[in-house]
Amino acid sequence: QVQLVESGGGLVQPGGSLRLSCAVSGLTFSTYFMSWYRQAPGKERELVAAITSTGGMTNYADSVKGRFTISRDNAKNTAYLQMNSLKPEDTAVYYCNAESIRFTENYWGQGTQVTVSS
């Protein structure tokens, strides 16, 4: 059974930081691309950041460049999203995604709420 479990969300003031974690089990983690998506109220789910299977390359949405950092620890089967300088518009449910390197398998976590408010 494949399982992705996000954690680390919460309420934070503008300008603050959070670190999200995604613990993965049931698949060969090092053969999957990992990414973070988010969905704000009334909006479509959007890609926030992505990282290759070995962590060699990353990609970010323009709205988070310079503030967010995606990383992974293949020994721990865990992906991370470090979020700094948070803004109210970052408020959303953040979802972890794992995709096989040949794009034939795709899995989602349950999501974790991030709320940025003063």
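No value in this document is a laboratory result; all are computed from the given coordinates. Please read all numbers here as calculations on a predicted model, not as lab measurements. Virtual Cβ from ideal backbone geometry, glycine too; neighbours counted across all protein chains shown.
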Inset, instruction - Among the residues of the range 1-23, count how many are among the charged types (D, E, K, R) and surrounded by 19 or more Cβ atoms within 10 Å (Cβ to Cβ). - result: 1
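Whether any residue in the range 71-78 is surrounded by fewer than 13 Cβ atoms within 10 Å (Cβ to Cβ) and among the aliphatic types (A, V, I, L, M) is what I want to check. Talk me through it step by step, then tell me what you get.
Step one: filter the range 71-78 for residues surrounded by fewer than 13 Cβ atoms within 10 Å (Cβ to Cβ), giving 73, 75-76.
Pick out the ones that are also among the aliphatic types (A, V, I, L, M) and you get 75.
Yes, the range 71-78 contains at least one residue that is surrounded by fewer than 13 Cβ atoms within 10 Å (Cβ to Cβ) and among the aliphatic types (A, V, I, L, M).
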Legend entry - Scan of the range 94-112 for residues that are touching a residue at least 60 places away in the same chain (Cβ under 8 Å), closer than 15 Å to F33 by Cβ and not in a loop (DSSP other than H, G, I, E, B), ordered by number: Y95, C96, N97, A98, E99, S100, Y107, W108
Inset, instruction - State all residues of the range 2-23 that are among the polar types (S, T, N, Q) and in a strand (DSSP E or B); if no residue qualifies, say none. - result: Q3, S7, S21
Legend entry - Qualifying residues in the range 67-93 (those that are in a loop (DSSP other than H, G, I, E, B) and of a type outside the set (D, E, K, R)) - the one nearest to T115 (Cα to Cα): T91
